[in-house]
1. Could you rank the peptides 115-128, 61-74, 91-104 by their average count of other C-beta atoms within 10 Å per residue, with the highest value first?
2. 7 Å from Cα along Cα→Cβ at both Val143 and Glu56: what's the point-to-point distance in nm?
3. Over the Cα atoms of region 84-153, what radius of gyration and what Dmax do you get, in Å?
4. Each label point is 7 Å from the Cα along the Cα-to-Cβ direction; what then is the distance between the points at Ala130 and Asn111, in nm?
5. Between Gln71 and Lys3, what FRET efficiency follows from the Cβ-Cβ distance if R0 is 35 Å, with the result rounded to 0.05?
Amino acid sequence: MKKFTPILISSLLIFGAVACDNTERTSESAPANPNEAVERPDAQATEAAQNDAQSELRRRQLNADIRAREQRNNATGGDTQRAAADLASEVRSKLEANIPNGALTVEAAENGTVTVGGTVNNQDQLNKIAPLSKEIKGVKQVVVKAVVAPPTQ
């Protein structure tokens, strides 16, 4: 039994490390990480993503998700130090609700730096990324690697 316990614990730690992925994406067509080369989305995929994200139900779900996480962090005293996965997930939700036809990828670091990559359809959407991201508690700096790439016709 003494030999089995360390093996079990190390297996759980390895599984946990592999299962943790801090990359959050606003759509399936978003790049796997913010540093990945971007491709122009096709018009059909952009329209489908926009219709889904702009539905009132989806916006309410995203906003409720953000509020629930904020309340949980306030209740547990996590207001000052936020987990990178929470930051990435909340920023992704915020961007998905407010830039519905973007294909964005969000990564967060423990120091509060959030990196956003991928594509948006116009300059106005690109300009919204940093201010929207900074609305999330714990985000101290935003690195925008996203580019404007209107959908192909």
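1. On the way: 115-128: 19.6, 61-74: 14.1, 91-104: 24.2.
The packing order, highest mean first, is 91-104, 115-128, 61-74.
2. Going by the 7 Å Cα→Cβ label model, 4.1 nm.
3. Expressed in Å, the Cα Rg and Dmax of region 84-153 come to 11.4, 41.
4. 1.8
5. Step by step, r from the Cβ atoms, then E = 0.20.
All of the numbers you see were taken from the coordinates with simple rules; none came from a lab. All figures in this text were calculated on a predicted structure; none of them were measured in a lab. Positions of Cβ are backbone-derived with ideal geometry, glycine not excepted, and every protein chain shown enters the neighbour counts.
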